[in-house]
Amino acid sequence: MDIINTENAHTSGLYAKQPLIFVRGQGALLWDVDGNEYIDCNSGHGVANLGHAHPKVAAAIAAQSTQLVTLFETFYNDQRAALMEKMAALVPGLDRVFFCNSGAEAVEATIKFARVSTGRANIIAAMRGFHGRTMGALSATFNKKYKEPFEPLVPGFSHVPYNNIEALEAAVTEQAAAVLLEAVQGEGGVYPADPAYLQAARRICREHEALLILDEVQAGLGRTGKLFAFQHAGITPDLVCVAKSLAGGLPMGAVLFGPAVKNLAPGLHGSTFGGNPLACAAALAALSVIEEEDLPGQAAAKGVYLMEELKSIESPLIREVRGQGLMVGIELKQKVLPYLQGLQERRILALNAGLTTIRLLPPLVITRTQLERVVAALREVLQ
């Protein structure tokens, strides 16, 4: 089979495809159809926190697939109950969980939960923020290029400058249902929130009886050096969106929430595949690996090394290096596409975040030797 021509003949046309065919992965590495090895600093846009084909997750999926794959949440299940118990202990005070299949679905659920809890409609989000491509999540997203083809979008959304406490204070009124923020803006350019900003957001929402929603879809589950990025600010939001790496690579999303969420009743919302036993078994294994291998600690230590090395690169191209843990952005003074191609030629896969920022999201299990190869390739390309 001619893989590239077959995909090109039948694809939706929605993806800018790279002329690479990957057939295998292990840890932070991918191999193409010809056996060439690449270091993956893309991680499927942050899905592969545990790396590719983690043996504990693979074993859990294999075992559960012979027992029970799908079961709607109307019926109880052992894997789902165990995962609920584990997730309810992740953030003190957020002891309830809604399961879905993706980050966008988790964001959609939080918008609905906020509106039904408060009886209000307005959602305040941040400039540069990205929350997904379904209609509610897209309405919370800022970038016009994602939104304009699909307007009119869901009403009631407004956007304020990120990390600007005064602007947030002015925007949140008695009509606000929720403030929806990323603790680290990913797609928007890898901008971490100032701890004081998240602390102020927590205070402002409490004062106005609005809910605080933190989108941890990309930054969560260890990537920034803590289990959740908002923990760097020492706060607890009312709702947390979790997805991407939650089930070790299988599609899964979730919303963690506590007593501030009210008025939920059977039939108000749902998800056919949400909380299916296969995904729950994978997520139980993934969360165990995160804990046993101390992946947040690994991300913190490796992130310090990576940031120090990147900041030591002397290049007139670099405007700024920023990030937290193993969520790192290198902002350039020009468009990044040629430099991403240069990295790919050196068998390093990386992402853009906007037009001018190289985004690095390596698996948290990446080795020091592999990080050294990534840095060496970046030095070559940027110097």
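The values are calculated or read from the model by the stated rules, or taken from the named source; none is laboratory data. Source: prediction; values computed, not measured. Quick reminder, even Gly has a Cβ in these numbers, built from the backbone with ideal geometry, and neighbours come from all protein chains shown. Note: areas computed on protein heavy atoms with side chains; ligands, DNA, RNA excluded. Shrake-Rupley method; radii C 1.70, N 1.55, O 1.52, S 1.80 Å.
Laid out as a table, the results:
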read-out	value
Per-selection Rg to Rh, segment 285-383 - Cα, Kirkwood hydrodynamic radius	0.99
Restraint check, Lys17/Lys311; Lys86/Lys244; Lys145/Lys302; Lys56/Lys112, Cα-Cα greater than 25 Å	Lys17/Lys311; Lys145/Lys302; Lys56/Lys112
Accessible-area composition of the chain, carbon plus sulfur, in percent [1.4 Å probe]	54 percent
For segment 51-108, the Rg and Dmax computed from alpha carbons only, in angstrom	13.5, 35
Within segment 93-245: Cβ-based charge dipole about Cα centre, in debye rounded to nearest 20 (Lys, Arg +1; Asp, Glu -1)	260 debye
Pair Leu68, Leu20: separation of 7 Å Cα→Cβ label points (nm)	4.0 nm
Among beta bridges that DSSP assigns inside the chain, antiparallel share in %, nearest 5	65 percent
Leading residue at positive end of dipole, the chain (Cβ point charges), from Cys241, Ala301, Gly35	Cys241
Cβ charges +1 (Lys, Arg) and -1 (Asp, Glu), total dipole of the chain, debye	340 debye
Gain on full stretching of the segment that runs from Arg379 to Asn164 - 0.36 nm per residue minus C-alpha separation	74.0 nm
Per-q log10 I(q)/I(0), segment 169-214, q = 0.25 Å⁻¹ (Debye; single scatterer per alpha-carbon; no solvent)	-0.88
Top positive-direction residue, dipole computed over the chain with Cβ charges, set Val217, Ser102, Gln185	Gln185
Estimated dipole of segment 28-102 in Debye, rounded to 20 [Cβ of Lys and Arg +1, of Asp and Glu -1, Cα centre]	340 debye
Cα centroid of segment 288-308 to Cα centroid of segment 63-83, whole Å	31 Å
C-alpha center-to-center spacing [segment 174-214, segment 148-172] in angstrom	12 Å
Packing-based order for 229-238, 60-69, 265-274, 280-289, using average beta carbon neighbours within 10 Å, highest first	280-289, 229-238, 60-69, 265-274
For segment 98-241: rounded, prolate or oblate by the Cα gyration tensor [a/c cutoff 1.5]	rounded
Per-peptide average of other Cβ atoms within 10 Å, ordering 10-18, 149-157 highest first	149-157, 10-18
Förster radius 41 Å - calculated FRET efficiency between Asp95 and Trp31, Cβ distance, rounded to 0.05	0.45
Virtual spin-label span in nm between Ile4 and Arg133, 7 Å along Cα→Cβ	2.3 nm
Solvent exposure ordering (accessible area, 1.4 Å, most first) of Asp194, Asp78, Asp34	Asp34, Asp78, Asp194
Proportion of all alpha-carbon pairs of segment 87-155 beyond 20 Å (%)	36 percent
Kirkwood Rh, Cα atoms: Rg over Rh of the chain	0.96
Per principal axis, descending, Cα span of segment 1-154 in whole Å	57, 44, 27
